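Student: Got a structure for you, questions after.
The values are calculated or read from the model by the stated rules, or taken from the named source; none is laboratory data. Source: prediction; values computed, not measured. Every residue, glycine as well, gets a Cβ built from its backbone with ideal geometry; the counts of neighbours run over all protein chains shown. Please note that ligands, DNA and RNA were not included when accessible areas were found on the heavy atoms of the full protein model with its side chains. Shrake-Rupley method; radii C 1.70, N 1.55, O 1.52, S 1.80 Å.
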Amino acid sequence: MQKHSQRERIIAHIQSTFGAEPEYLWADSPDATVFRHPTSRKWFAIMMDVALSRLGLSGEGTVWVMNVKSSPLMIGSLLSEKGFLPAYHMNKDHWVSILLDGTISDKQILPLLELSYDSVTPKRRRKAVPDNQ
């Protein structure tokens, strides 16, 4: 049995759990993948192959990262852990980058992905209650 990359496993999870298909939006970054909430159409995850140097990491080459939405408080906490970085190419107050090189386990990533998905889920509006009731 062939071992799938962390990126492939996460994509399969997104497709089966959230029903979101990968979108490839940029000709100059054909492998960069965006995932949108099926109802709101807002992004909840972005995967990119980024040069280590652009992430402030040492070494040659590239690494896959996934950006997810999160609360500023949680982002502050996550950034103290190895494998979490300030969001690459996104608002650093509301997004965080996660290395997809095995540094962070799928078990740690999946709840963050769910929180990101939930953050872009349309909110249910309450029906107005008439004053005479």
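Student: In Å², what does the accessible area per residue of the chain work out to with a 1.4 Å probe?
Tutor: 65
Student: At 1.4 Å probe size, put Glu21, Glu81 in order of accessible surface, largest to smallest.
Tutor: From most exposed to least exposed: Glu21, Glu81.
Student: A follow-up question, please. Sort Lys92, Lys69, Lys123 by heavy-atom solvent-accessible area, probe 1.4 angstrom, most to least.
Tutor: Reading off the accessible areas and sorting them downward yields Lys123, Lys92, Lys69.
Student: Return the FRET efficiency for the residue pair Lys107, Glu60: r is the Cβ-Cβ distance, R0 is 22 Å, and the value is rounded to the nearest 0.05.
Tutor: Computed FRET efficiency for Lys107 and Glu60: 0.15.
Student: Return the calculated 222 nm mean residue ellipticity for the chain, to the nearest 500 deg cm²/dmol, obtained by summing -39500 (n - 2.57) across DSSP H runs with n ≥ 4 and dividing by the residue count.
Tutor: Mean residue ellipticity, 222 nm, calculated: -8000 deg cm²/dmol.
Student: Which entry in [x] 2, 10, 16, 18, 15, 11, 9, 9, 6, 3, 1, 0; [y] 2, 10, 19, 22, 19, 12, 6, 3, 2, 2, 1, 1, 0, 0; [z] 2, 9, 13, 13, 10, 9, 8, 7, 6, 6, 5, 4, 3, 2, 2, 1, 0, 0 matches P(r) over Cα pairs in 5 Å bins from 0, in percent derived from the coordinates of this structure?
Tutor: Looking at P(r) over Cα pairs in 5 Å bins from 0, in percent for this model, the match is [y].
Student: Right, something else. As an exercise, use a Förster radius of 25 Å and the Cβ-Cβ distance of Ser29 and His94 to find the FRET efficiency, rounded to the nearest 0.05.
Tutor: So the FRET efficiency works out to roughly 0.75.
Student: Now for a separate question. Count the net charge of all other residues whose Cβ sits under 15 Å from the Cβ of Ala45, scoring Lys and Arg as +1 and Asp and Glu as -1.
Tutor: Net of charged neighbours comes to -2.
Student: With charges only on Cβ, +1 for K and R and -1 for D and E, what is the dipole size of the chain about its Cα centre, in debye, rounded to 20?
Tutor: 620
Student: Using Cα centres only, tell me the gap between the stretch 6-32 and the stretch 69-131 in whole Å.
Tutor: 17
Student: For the chain, what is the relative contact order in percent, using Cα pairs closer than 8 Å and at least 6 residues apart in sequence?
Tutor: Rounded, it is 21 percent for the chain.
Student: If you don't mind, there's one more thing I want to ask. Which angle from 0 to 90°, rounded to the nearest 10, does the C-alpha axis of helix 6-18 make with the longest principal axis of the chain?
Tutor: Long axis of 6-18 versus the principal axis of the chain: about 10 degrees.
Student: Would you calculate the separation in nanometres between label points at Thr39 and Glu81, each defined as 7 Å from the Cα along the Cα-to-beta-carbon direction?
Tutor: For the pair Thr39/Glu81, the computed spacing is 2.8 nm.
Student: Of the options Ile109, Gly76, Pro122, report the single residue whose Cα projects farthest towards the positive end of the charge dipole of the chain (beta-carbon charges: Lys, Arg +1; Asp, Glu -1).
Tutor: Pro122
Student: Any aspartates and glutamates with Cα under 16 Å of the Lys82 Cα? List them, leaving off those in the same chain fewer than 8 positions away.
Tutor: Asp101, Asp106
Student: Classify the stretch 22-92 as rounded, prolate or oblate, taking a ≥ b ≥ c as the square roots of the eigenvalues of its Cα gyration tensor: rounded when a/c is under 1.5, otherwise prolate if a/b is larger than b/c and oblate if not.
Tutor: Here the stretch 22-92 falls in the oblate category.
Student: Relative to the longest principal axis of the chain, what angle (0 to 90°, nearest 10) does the C-alpha long axis of helix 106-119 take?
Tutor: So the inclination is approximately 40 degrees.
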